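Note sheet for the following structure.
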Amino acid sequence: MDSSLLASLPSLGIGAADLAAALLFMYGLHRMSSPATASSGIFVAGIGMAVAVLASFLYAFDVNSAARPDLWLNMGLAVVALALGGGVAWWSGRTVAMTAMPQMVALYNGMGGGAAGAIAAVELFGGKAQGTTALIVTLVGALIGAVSLSGSLIAWAKLDGVIKKPLRFKAQQVVNGLVLLVTLAVGAYVVVASEEKAATWLTIPASIYLFFACALVLGILMTLPIGGADMPVVISIFNAFTGLAVGLEGFVLQNPALMIAGMVVGAAGLLLTLLMAKAMNRSVSNVVFSNFGAASKHKQGKIKGELKPMQPGDAGIAMRYASSVIIVPGYGLAVSQGQGKLYEFVKLLQAGGVSVKFAVHPVAGRMPGQMDVLLAEAGVPYDMIFQLEDINDDFKTTDVALVIGANDVVNPAARSDKGSPIFGMPILNADQAKQVFVVKRGEGKGYAGIVNTLFYGDNCHMVYGDAQAVLVQMIEAVRGLGLPAAA
Amino acid sequence: MDFHITIGGFVALYIFMLAAFAGWVIIGHVPAILHTPLMSGSNFVHGIVVVGGIYALLNASTVQEQVIGFVAVLLGAGNAAGGYAVTDRMLAMFKPSGKAAGHAAHAKAGVRKSANVKSLPRKKR
């Protein structure tokens, strides 16, 4: 073997590893698209990640001459950073409660954006990005990554309850637009100054700092006015942003694995964002540029009927004697940690021969699909969980619809009341069941802040109380009947 | 021999275009039930940025570059490890009716559940 072939082995190794990683990522995501194969999908993608990370240390054979004296120190730093960042994030990801999942995804996503921004910073400060194209791509990636970092942190703070109220002020969009323009202008200055090698007003490092500062502020300003209900869409947007930033920095580093993985996530994140926005009956621009709730000062017509309270035990017994029950869970169930008790109650009904199904609205929970995860955590098999389009026709022929901790997603106003802010949103037709029980903490309104006409319907009874406490009483009542179970 | 290649402007655009199309198609088939795990899963995939961070750190020649490179690897590793941990936990919970549920508290429920799925025993006595 001649020496030049030997010298090129490391880059061949990296190339092969990155190729394998790109393939495994796409195959893994593909497997994740069906519940039956999903858990192996993340494992496949994980192997791709491990291969790529291990192979990346082969870069040590090919570092530039300036960094050669520091190579061992740099390798040590890389190992420490991997162990520290990976270890802490692994531990937090393993221990966090399932209800806190949305903010954790926001946090990890912000980290990815920050990493992309930091890579861009190294390239810019070290003068490694040469040529106009490379400079522009680096800066665009840096801008998107930095916006994703600070924006995701705000999203995390909002979902975690650190920031409680959306911050809105007059002419907010104008201010945001100006900050964006300033950021772009500073970016253009960095490109021109680096190309001409002459900095007129600011030194190049100072202008790079200013660029990152502006980008971070932009991310904060963009996210602050958005309300908690819209946060899932925002996290999904930032997820796509981070993917895009990673892809662009991958081009700068000439690494196809980063380019492919980043762009796959960028496109997938965009589609996921559109799907979520559609499920919530909101356009993406509406989420980002307008303030939810501000426009919904709409006068509702007088509502016929009255609220009819019912004891939890009575409702439980009525369901035991029904032949079919559809359960519509909402985030209120998760807040009271009642999923386990709910499934216990469901098993009790099933033991009595009652047919039970779960109907999950696409935006139940605080993130589309989160309710599915929470039910799965309680042990509910996924073939008992039905999505909106698959179950909506079944309500007509069902004895009881049990709405538990959900509100806006079963509001018939979305079908009939043109003036309602949620008009046009696809809803679960719980009102069409022969009987409806609504478990709710009080007479309050839902996220959208509108009265639910379903609650006033002739076929509807209200069961007031904390979801978990109500379920405990329902279970006791059904057990108290002393009917033999099937097992 | 030199196996080094350069990805120029248009080749990069082709890669971006094909990758974007692949991402769009792969996600297009996902049922709503998997939206949250999928968002988390794609979040994990862009954790590959840690590889870029390692490259930048290994090539760092000043203290400033080393500090920023260290932060890049730290954050990238957090993205990858956290994304994997969370996604894996969520997906491990998705079980069909046949298997006993993953939650320890419900392990004993498996027998009763499988017995009552089909038959309609002693209803309305």
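The values are calculated or read from the model by the stated rules, or taken from the named source; none is laboratory data. Bear in mind the structure is a predicted one, so any value in this text is a computation, not a measurement. Neighbour counts run over all protein chains shown; Cβ positions are idealised from the backbone, glycine included. Ligands, DNA and RNA are excluded from the accessible area calculation, which covers all protein heavy atoms including side chains. Shrake-Rupley method; radii C 1.70, N 1.55, O 1.52, S 1.80 Å.
Data table
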quantity: Of all residues making up the stretch B:72-98, the number that are open to solvent by 30 Å² or more (accessible area, probe 1.4 Å) and in a loop (DSSP other than H, G, I, E, B); calculated: 5
quantity: Test: residue in the stretch A:74-88 that is touching a residue at least 60 places away in the same chain (Cβ under 8 Å), more than 25 Å from the chain's Cα centre (by Cα) and not in a loop (DSSP other than H, G, I, E, B); calculated: no
quantity: Residue list for the stretch A:91-109, filter: open to solvent by 20 Å² or more (accessible area, probe 1.4 Å), within 8 Å of chain B (Cβ to nearest Cβ) and small (Gly, Ala, Ser); calculated: A:SER92
quantity: Residue in the stretch A:192-213 that is farthest from A:GLY145 (Cα to Cα), counting only those that are open to solvent by less than 20 Å² (accessible area, probe 1.4 Å) and at pLDDT 90 or above; calculated: A:SER207
quantity: Of all residues making up the stretch A:248-258, the number that are facing chain B (nearest Cβ under 7 Å) and either open to solvent by 10 Å² or more (accessible area, probe 1.4 Å) or not in a helix (DSSP H, G or I) (or both); calculated: 5
quantity: Enumeration of residues in the stretch A:151-168 that are free of Cβ contacts under 8 Å to residues at least 12 places away in the same chain, open to solvent by 70 Å² or more (accessible area, probe 1.4 Å) and among the hydrophobic types (A, V, I, L, M, F, W, C); calculated: A:VAL162
quantity: Flag if A:ALA66 is open to solvent by 40 Å² or more (accessible area, probe 1.4 Å), out of contact with any Cys (no Cβ under 7 Å at 6 or more places or on another chain) and in a helix (DSSP H, G or I); calculated: yes
quantity: Pair list, Cβ under 6 Å, 6 or more apart: the stretch A:9-31 residue modelled with pLDDT under 90 and among the aliphatic types (A, V, I, L, M), other residue open to solvent by 50 Å² or more (accessible area, probe 1.4 Å) and part of a helix (DSSP H, G or I); calculated: A:ILE14/A:LEU58
quantity: Candidate set from the stretch A:276-317 (those that are within 14 Å of chain B (Cβ to nearest Cβ) and more than 15 Å from A:ILE422 (Cβ to Cβ)); member that is modelled with the highest pLDDT; calculated: A:ILE317
quantity: Considering residues of the stretch A:27-48 that are open to solvent by 10 Å² or more (accessible area, probe 1.4 Å), in a helix (DSSP H, G or I) and facing chain B (nearest Cβ under 7 Å) only, the residue nearest to B:ARG89 (Cα to Cα); calculated: A:SER39
quantity: One residue from A:LEU77, A:LEU9, A:LEU24 being facing chain B (nearest Cβ under 7 Å), on the phi < 0 side of the Ramachandran plot and out of contact with any strand residue (DSSP E or B) (no Cβ under 6 Å at 6 or more places or on another chain); calculated: A:LEU77
quantity: Residue match in the stretch A:259-266 (condition: modelled with pLDDT under 75, part of a helix (DSSP H, G or I) and touching a helix residue (DSSP H, G or I) at 6+ places or on another chain (Cβ under 9 Å)); calculated: no
quantity: Qualifying residue in the stretch A:119-128 (condition: within 7 Å of chain B (Cβ to nearest Cβ) and farther than 30 Å from A:GLU195 by Cβ); calculated: no
quantity: Hits in the stretch A:201-247 - residues which are outside any helix (DSSP H, G or I) and under 15 Å from the mean Cα position of the chain (by Cα); calculated: A:ILE226, A:GLY227
quantity: Answer from A:THR132, A:THR138 - the residue that is surrounded by 24 or more Cβ atoms within 10 Å (Cβ to Cβ), over 28 Å from A:GLU377 (Cβ atoms) and over 15 Å from the mean Cα position of the chain (by Cα); calculated: A:THR138
quantity: Those residues of the stretch A:169-190 which are surrounded by 12 or more Cβ atoms within 10 Å (Cβ to Cβ), among the β-branched types (Val, Ile, Thr) and closer than 20 Å to A:PHE289 by Cα, in sequence order; calculated: A:VAL175, A:VAL179, A:VAL182, A:THR183
quantity: Wholly within the stretch B:1-71, helices (runs of 4 or more DSSP H) carrying at least 3 residues that are facing chain A (nearest Cβ under 7 Å) and modelled with pLDDT under 90; calculated: B:9-28, B:35-45
quantity: Complete set of residues in the stretch A:325-351 that are in contact (Cβ under 8 Å) with a residue 40 or more places away in the chain, hydroxyl-bearing (Ser, Thr, Tyr) and open to solvent by less than 20 Å² (accessible area, probe 1.4 Å); calculated: A:SER336
quantity: Residue within the stretch A:386-403 that is buried (at least 24 other Cβ atoms within 10 Å of the Cβ), under 23 Å from A:MET276 (Cβ atoms), of a type in the set (A, V, I, L, M) and away from chain B (no Cβ under 14 Å) present; calculated: yes
quantity: Hits in the stretch A:318-344 - residues which are closer than 22 Å to A:THR397 by Cβ and assigned to a helix (DSSP H, G or I); calculated: A:ALA318, A:MET319, A:ARG320
quantity: Matching residues in the stretch A:169-193 - criterion: being in contact (Cβ under 8 Å) with a residue 60 or more places away in the chain and either farther than 15 Å from A:VAL217 by Cα or touching an Asp or Glu at 6+ places or on another chain (Cβ under 6 Å) (or both); calculated: A:VAL190
